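What follows is one structure encoded as structure tokens, with my remarks underneath.
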Amino acid sequence: RRKKKDDNILEIPSIPNPFPELCCSPFASVLSTSLLPKATSRRKQVIKVYSEDDTSRALEVPRDITARDVCQLLILKNHYIDDHSWTLFEQLTHAGLGRPIEDHELVMEVQSNWIMEEENKLYFRKNYAKYEFFKNPLGFFPDHMISFPSDTSAAISHSGILQMFLSSSTYPEIHGYLYAKERGKKSWKKLYFILRRSGLYFSTKGTSKEPRHLQFFCEFSNSDMYMSLTGKKISGAPTNYGFCFKPNKSGGTRDLKQLCADDEQTRTCWMTAIRLLKYGMQLYQNYMQPYQGRSGCSPLNLTPMRSISENSLVAMDFSGHRSRIIENPTEALSVAVEEGLAWRRRGCLRLNSHGSPIAVSNMAIHRSQSWFHHKISREEAQRLILQHGLVDGVFLVRDSQSNPKTFVLSLSHGLKIKHFQIVPLEDDGRLFYTLDDGHTRFTDLIQLVEFYQLNKGVLPCKLKHYCARIAL
């Protein structure tokens, strides 16, 4: 039977191959391995990401996706501008803790450490302070908290501090007082801590750094560092500047190693130094990744590159029959001011039920701006700015809680959040707004914000980054 079957097969005429050269083509292996789809596809999983206004979005992503890739995906889906400050933020709601997930971390590994009973969340938000220490290391490490090896020269340059932090052989020593919560107790004790490459230690005898007086507190390879979001409420900390270390595989809050600083500058210094100690060159590669391939960028002093078209911009006047270039800077400035005032007049006109334009008060046009937050408290404003990063110039404008007729400008400067009252001023029947008792007056809040974005004036710094409640 088998022989007869084989004979029947052989009786079928063979079809000639019209492309014999493909049989021995050197590209055959390339086509089979790289261009053709793989039989085994990457496993995917659905994650849920929240925004500041508690809207959420479900994403189906591969299991090996990083935090940076999730941010890039959300930027593309929502048509946001990528300024390299978008961050995925992990919030442990039950414990009142949170941290920005590093760009290289795998999101699924982060979620695998969550406890099922706790309602933990991933947030998508801006974090302007994510890599700010690479741009201004001297502002993050005060002189009284940092010590260098004895063979190092006394004067350390801007890039010298970074090179020491990223070096595998040398590492600056961070030292100072912190409050530590004793394990299993509610009491906090103030101790002198020392951060070295081998880990975090505290001294059992004052400020002594002798090996016999140093006791090991924590190492960071198998734990993550979190910032306290609730201040004194949950942990009973002596100040609002708490942070802690949570083991990756933990049974809950009982394994937390909690610390507390006296002020924001101290906490920022400790947390930044520990990030550099744990991740090292990986952090620097994350910071450099958006600038890879750009010519003219030095590794430690990056400035935004300007395009050719941007360098050749000129002021143009299109009011006449023919367009012309405005060469006089004074004339260009006056035209810009007039155009801004005309835009405001157009923005203040609305149509009534009969289709006729009606004027709207200047008090209302700021409500559509991303930097304006209607009725939020002082504590809520501080929390929003802290989440966006304590970089000089992060700001928002809000209604005053103490005086309903006034507004407040909340601004970050020097790792502190300051509040400035915007007072309405009436003169000859017209309403103005001022920050300096009427010396500088503005017809509306938009004009005020635009002015202080260009001029420091009475403020400690210019307005640079606004806090906005994004929606997914």
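Of the residues Gln111, Tyr201, Phe133, the one whose Cα sits farthest toward the positive end of the charge dipole of segment 102-229, with +1 on the Cβ of Lys and Arg and -1 on the Cβ of Asp and Glu, is Tyr201.
Here the extension length gained between Asp263 and Thr443 equals 61.0 nm, from 0.36 nm per residue of separation less the Cα-Cα distance. Here segment 44-126 exposes an accessible surface that is 50 percent carbon and sulfur, computed with a 1.4 Å probe and the other protein chains kept in place.
Each 10 Å bin from zero holds the following percent of Cα-Cα pairs in segment 367-466: 16, 51, 29, 3, 0. For segment 367-466, the carbon plus sulfur part of the accessible surface works out to 46%, probe radius 1.4 Å. Calculated from the alpha-carbon coordinates, segment 57-206 shows an Rg and a Dmax of 19.6, 57 Å respectively. Annotation: lysines with alpha-carbon distance below 20 angstrom to Lys456 (same-chain offsets under eight excluded): Lys416, Lys418, Lys464.
Neighbours of His374, meaning other residues whose beta-carbon lies under 13 angstrom from its beta-carbon, give a summed charge of +1 when Lys and Arg score +1 and Asp and Glu score -1.
The orientation-averaged projection of the convex hull spanning the C-alpha atoms of segment 44-126 amounts to 5.3 square nanometres. Of the listed residues Ile194, Ile234, the order by accessible area with a 1.4 Å probe, largest first, is Ile234, Ile194. Potential lengthening of the chain between Arg378 and Ile75 amounts to 106.1 nm, from the contour at 0.36 nm per residue minus the alpha-carbon distance. Subtracting the Cα-Cα distance of Ser187 and Ser208 from their residue separation scaled by 0.36 nm leaves 5.2 nm.
Summing +1 for each Lys or Arg and -1 for each Asp or Glu among the other residues whose beta-carbon sits under 14 angstrom from that of Lys257 gives +2.
On the beta carbon distance between Arg324 and Ile115, with R0 = 56 Å, the FRET formula returns roughly 0.25.
So what is the accessible area of segment 367-466 per residue, in Å², with the probe set to 1.4 Å?
Each residue of segment 367-466 exposes 50 Å² on average to a 1.4 Å probe.
With Cα atoms defining each centre, segment 44-58 and segment 369-421 are spaced 26 Å apart in the structure. In straight-distance terms, cross-link reach from Lys233 covers every one of the aspartates and glutamates whose alpha-carbon lies under 15 Å from its own, apart from those fewer than eight places away in the same chain; here that gives Glu379. Per residue, the accessible area of segment 44-126 comes to 47 Å², computed with a 1.4 Å probe over protein heavy atoms only. Which entries of Lys181/Lys205; Lys44/Lys249; Lys205/Lys246; Lys232/Lys405 have Cα-Cα distances beyond 25 Å here? Beyond 25 Å between Cα atoms: Lys205/Lys246; Lys232/Lys405. Shown is the FRET efficiency for Met281 and Glu450, computed with R0 = 45 Å from the Cβ-Cβ distance and rounded to the nearest 0.05: 0.65.
The values are calculated or read from the model by the stated rules, or taken from the named source; none is laboratory data. No experiment lies behind these values; they were computed from the predicted model shown. Reconstructed Cβ throughout: ideal geometry from the backbone, glycine too, with neighbour counts over all protein chains shown. What goes into the accessible areas is simple: the full protein's heavy atoms, side chains included, and nothing from ligands, DNA or RNA. Shrake-Rupley method; radii C 1.70, N 1.55, O 1.52, S 1.80 Å.
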